[in-house]
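The structure appears right after this line, and notes come after that.
Here, each number is a calculation from the coordinates, and none is a lab measurement. What you are looking at is a predicted structure, and each value in this text was computed from that prediction instead of being measured. As a convention, Cβ positions derive from the backbone with ideal geometry for all residues, glycine included, and neighbour counts pool all protein chains shown.
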Amino acid sequence: MAFPGAPGVDSIGVSVKTQFPNGYVLNVMAADRAGIVAAVSKAVADAGGNIDACSQTVLCGYFTLIMVVSFPEPLAEKEFLETLIRPAGRETGLQVQIRPFQPDLPPAVAEKCGNFVVTCFGPDAPGVIHRFSALLADKGINIVDLYGQLDGEQFVLISQVQIPRRWDLAMLQADLEALGAEQGYTVRLQHENIFIATNQLRLYSHG
């Protein structure tokens, strides 16, 4: 889960300005292996394009990648996808989707927000993610990054969220703790800067 470089406390979204006028969103999924990013970035470069933004992760052996890419001229989408899915008739195993990039999408939360991290851990059970995400949704809080992992019998959930400034953080923490108590979970709400600093200190102390 990557938090460094995240938006500042007043941000309600990230504006991406593409290098070239014809922008696209590229989604790639595959069984994880070395070289996927290299292959996708080569296809973009060979087509004369630029990678303007990207995010990639691996979950349970599955690779996922989303990119904003742009080109000087409109892209021949079918031919471009073939260079990724079936170059020279060879199947790569990549599942790829491409769609036009819309730079002026309205923000998910149309008010000033602060960026925070909610961490939860406790016994795994069906519906845990739904209960926590529903509480946040009911308060108009947007989840911008989410990580969940089963560690033995404990489930760890970490979410980066955008909290409207109108919310009282102490009351929100109390609501999260009350929900956590119902599920047997420990819940913590931290500003993202504190979360990053705390975890960096832990890394250094164990280095």
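Enumerate the calculated ³J(HN,Hα) couplings along the range 110-121 in order (Karplus 6.51 cos²θ - 1.76 cosθ + 1.60, θ = phi - 60°), each rounded to whole Hz, writing x wherever the residue is Gly or Pro.
My calculation for the range 110-121 gives 8, 7, 5, 9, x, 9, 10, 10, 10, 10, 9, 8 Hz in order.
Which ordering of Asp175, Asp151 is given by a fewest-first count of other beta-carbon atoms within 10 Å?
Exposure proxy ranking, most exposed first: Asp151, Asp175.
Tell me the angle of helix 128-138 to the major Cα principal axis of the chain, expressed in degrees between 0 and 90 and rounded to the nearest ten.
90
When ranked by the protection proxy of mean other Cβ atoms within 10 Å per residue, highest first, what sequence do the peptides 74-81, 113-120 form?
For the peptides 74-81, 113-120, the packing ranking is 113-120, 74-81.
So how compact is the chain: Cα radius of gyration and Dmax in angstrom?
According to the Cα coordinates of the chain, Rg and Dmax are 19.9, 59 Å.
Given Cα pairs under 8 Å that are at least 6 residues apart, what percent is the relative contact order of the chain?
That works out to 22 percent.
Under 5 Å between amide hydrogens, which residues at least 5 positions from Asp32 or on another chain qualify, with H placed 1.01 Å from N in the peptide plane?
Tyr62, Phe63
Run the paramagnetic zone check for Glu153: 7 angstrom along Cα to Cβ, then residues of the range 125-142 with backbone nitrogen under 20 Å.
125-129
Counting pairs of alpha carbon atoms under 8 Å apart in space and at least six apart in sequence, what relative contact order in percent does the range 84-162 give?
Here the relative contact order equals 32 percent.
Please list the non-local residues whose amide H lies under 5 Å from the amide H of Val144, H modeled 1.01 Å from N, same-chain partners needing a gap of 5 or more.
Under 5 Å from the amide H of Val144: Gln160, Val161, Gln162.
Out of Gly93, Gly49, Gly152, any idea which swings most in a Gaussian network model of the chain, alpha carbons joined below 10 Å?
The residue that fluctuates most here is Gly152.
Using helices alone, what [θ] at 222 nm do you get for the chain, with -39,500 (n - 2.57) per DSSP H run of 4 or more residues, divided over all residues and rounded to the nearest 500?
Theoretical 222 nm ellipticity from helices: -9000 deg cm²/dmol.
For the range 72-113, how big is Rg over Rh, using alpha carbon atoms and the Kirkwood form of Rh?
Computed over Cα atoms, the ratio is 1.24.
Excluding residues fewer than 8 places away in the same chain, name every one of the aspartates and glutamates whose C-alpha is closer than 12 Å to that of Lys17.
Lys17 reaches Asp52, Asp104.
Under the definition of Cα pairs under 8 Å and six or more residues apart, what whole-number percent is the relative contact order of the range 22-100?
In percent, rounded to a whole number, it is 44.
From the Cα gyration tensor of the range 103-158, with a ≥ b ≥ c the square roots of its eigenvalues, which class applies: rounded if a/c is under 1.5, or else prolate if a/b is larger than b/c, or else oblate?
Prolate.
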